[in-house]
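Below is one structure, written out as structure tokens; the observations come after it.
The values are calculated or read from the model by the stated rules, or taken from the named source; none is laboratory data. None of these values were measured; they are calculated from a predicted model. As a convention, Cβ positions derive from the backbone with ideal geometry for all residues, glycine included, and neighbour counts pool all protein chains shown.
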Amino acid sequence: MDPITFQTGEFTSRLVFTDSPATLLEGFDLTVFDTNTIKLFSPSASHYVWQAGETHKIWKSVEELLAVCLEKGLGRDAVLGAVGGGVVTDMAAFAASLYMRGIGLVLVPTTLLAMVDAATGGKTGVDFGGFKNLVGTFYPAREIRIWPGAVASLPEREYRSGLAEVIKHGMLGEQSLFRLLQNQRDAVLARDGQVTSAFIRQAVQYKVGVVVRDLRESGERAFLNLGHTFAHALEAERGYDGSWSHGEAVAWGLDRALALGVSLGITEPIWYQEVHDLLNSYQYRLKAPGASPKAILAAMKNDKKKKAGTVRFVLQRRLGETLMTQVDDESVLKILEDGV
């Protein structure tokens, strides 16, 4: 597939799909890995390694990378490469946006979640004050290099975590993607090479299209947060302790968002059932036993989509028909109580 060049605001980016990992690391002045992804490569050029995991997605980690950039004498014409999952791509992109007010950035996502979500959106950031991605910038990468074959080596839980975001993209408007996930479930779970490559390309191209039309989340892009108000609040309530991966929380959040829509007379019950059945078929947990509905509701109050102090929820009527609305706490609490 030929590279795709796209414009997001003042930024020009290039999306490159490759069938081989041979050229993934070319052209970097400094390459950032984490303690997991460094094992997949044998970098000969200058590189820096972060500790893996969400608990390290903090300002201190970014500050350490900025110090390395300065120590190595990187100038404004330097190119920073980030190789890894969403934590690495988010933090490295944040550092690149800050260092000398912006240097070249190339992202090499190695997890399914990073390929279809984190690396393709232009968002950067770190967790702060107990909340996910509270501090960050918009800074699209100069280039995003995607090797679909990388998902073959992912742990099963991590692969399924990324699939939740793929399902979400299908729900939002990529009907052929949604049907592929329904009709070829066994091939998807078996990581069949052709099927994997097909759904990754569809999901990434859908996300890129949305970002091009609305980089700074002033309209359509906010719909990409379908399920995420619930998901982020559950992760926060659990203290980011690893009991729920981000994708697992998103799957739970998608189910809760559509259930909320049904209770408000917005979502067609048949659409909720179709999504609920699909999530079940991929063996996602749709109950969160032990979680506190009131604590989850409290965590929602810091959601980035709130307006005039009120949280807004992304809901759906049916496949591809999405909206954002305010919902009273009592209605939300009832849905949370049904989901634990």
Starting from residues that are surrounded by 21 or more Cβ atoms within 10 Å (Cβ to Cβ) and in contact with an Asp or Glu (Cβ under 9 Å, 6 or more places away or on another chain), keep the ones in region 126-144 and report whichever is nearest to His228 (Cα to Cα). Lys132
Near pairs, Cβ below 7 angstrom, 6+ apart or cross-chain, from region 38-59 (over 24 Å from Leu74 (Cβ atoms)) to any residue that is surrounded by fewer than 17 Cβ atoms within 10 Å (Cβ to Cβ): none
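Please specify each residue of region 324-340 satisfying the condition of being assigned to a helix (DSSP H, G or I) and among the β-branched types (Val, Ile, Thr).
To start, the set of residues in region 324-340 that are assigned to a helix (DSSP H, G or I) comprises 329-338.
Once the filter is applied, which keeps residues that are assigned to a helix (DSSP H, G or I) and among the β-branched types (Val, Ile, Thr), region 324-340 yields Val332, Ile335.
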Quickly run through region 49-81 and pick out the residues that are surrounded by 19 or more Cβ atoms within 10 Å (Cβ to Cβ) and among the aromatic types (Phe, Trp, Tyr). Trp50
For region 235-284, what are the residues that are aliphatic (A, V, I, L, M), crowded, with 24+ Cβ neighbours inside 10 Å and in contact with a Gly (Cβ under 7 Å, 6 or more places away or on another chain)? Val250, Leu254, Ala257
With the requirement that a residue be in a loop (DSSP other than H, G, I, E, B) and buried (at least 22 other Cβ atoms within 10 Å of the Cβ), what does region 215-231 give you? Leu226, Gly227
Restricting region 269-315 to residues that are among the acidic types (Asp, Glu) and modelled with pLDDT of 95 or more, which is nearest to Asp186 (Cα to Cα)? Asp277
Ala249 passes all but one of (1) in a helix (DSSP H, G or I); (2) hydrophobic (A, V, I, L, M, F, W, C); (3) touching a residue at least 40 places away in the same chain (Cβ under 8 Å); which number fails? (3)
Pick from Leu105, Leu66: which is outside the structural domain of Leu323 (by TED's automatic domain parsing), without any contact (Cβ under 8 Å) to a residue 40 or more places away in the chain and touching a strand residue (DSSP E or B) at 6+ places or on another chain (Cβ under 9 Å)? Leu105
I'd like the full set of residues that are assigned to a loop (DSSP other than H, G, I, E, B) and within 15 Å of Leu181 (Cα to Cα), limited to region 264-296. Tyr282, Gln283, Tyr284
Of the residues in region 20-38, those that are of a type in the set (Asp, Glu) and closer than 18 Å to Val62 by Cβ come to Asp29, Asp34
Residue satisfying condition, being over 22 Å from Leu215 (Cβ atoms) and out of contact with any Lys or Arg (no Cβ under 7 Å at 6 or more places or on another chain), within set Thr111, Thr124, Thr89: Thr111
Scanning region 1-16 residue by residue, the ones that are surrounded by fewer than 19 Cβ atoms within 10 Å (Cβ to Cβ), touching a strand residue (DSSP E or B) at 6+ places or on another chain (Cβ under 6 Å) and of a type in the set (A, V, I, L, M, F, W, C) total 4
Among the residues of region 4-24, what is the count of those that are out of contact with any Lys or Arg (no Cβ under 9 Å at 6 or more places or on another chain), of a type outside the set (Asp, Glu) and either modelled with pLDDT of 85 or more or in a loop (DSSP other than H, G, I, E, B) (or both)? 3
Condition met for Leu234 (in the same structural domain as Tyr282 (by TED's automatic domain parsing), closer than 15 Å to Leu113 by Cα and among the hydrophobic types (A, V, I, L, M, F, W, C)): no
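When you scan region 151-161, do you find a residue that is over 18 Å from the mean Cα position of the chain (by Cα) and closer than 19 Å to Gly84 by Cβ, even just one?
At the first step, the residues of region 151-161 found to be over 18 Å from the mean Cα position of the chain (by Cα) are 152-153.
In the following step, the residues that additionally are closer than 19 Å to Gly84 by Cβ were identified as 152-153.
Yes; the residues of region 151-161 include at least one that is over 18 Å from the mean Cα position of the chain (by Cα) and closer than 19 Å to Gly84 by Cβ.
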Mind checking which residues of region 54-94 are closer than 20 Å to Ser13 by Cα, part of a helix (DSSP H, G or I) and of a type outside the set (Asp, Glu)? Gly86, Val88, Thr89, Met91, Ala92, Ala93, Phe94
Is it true that some residue in region 189-203 is hydroxyl-bearing (Ser, Thr, Tyr) and over 27 Å from Lys57 (Cα atoms)? yes
What is the one condition in (1) touching a Lys or Arg at 6+ places or on another chain (Cβ under 7 Å); (2) closer than 21 Å to Pro140 by Cβ; (3) of a type outside the set (Val, Ile, Thr) that Ser46 does not satisfy? (2)
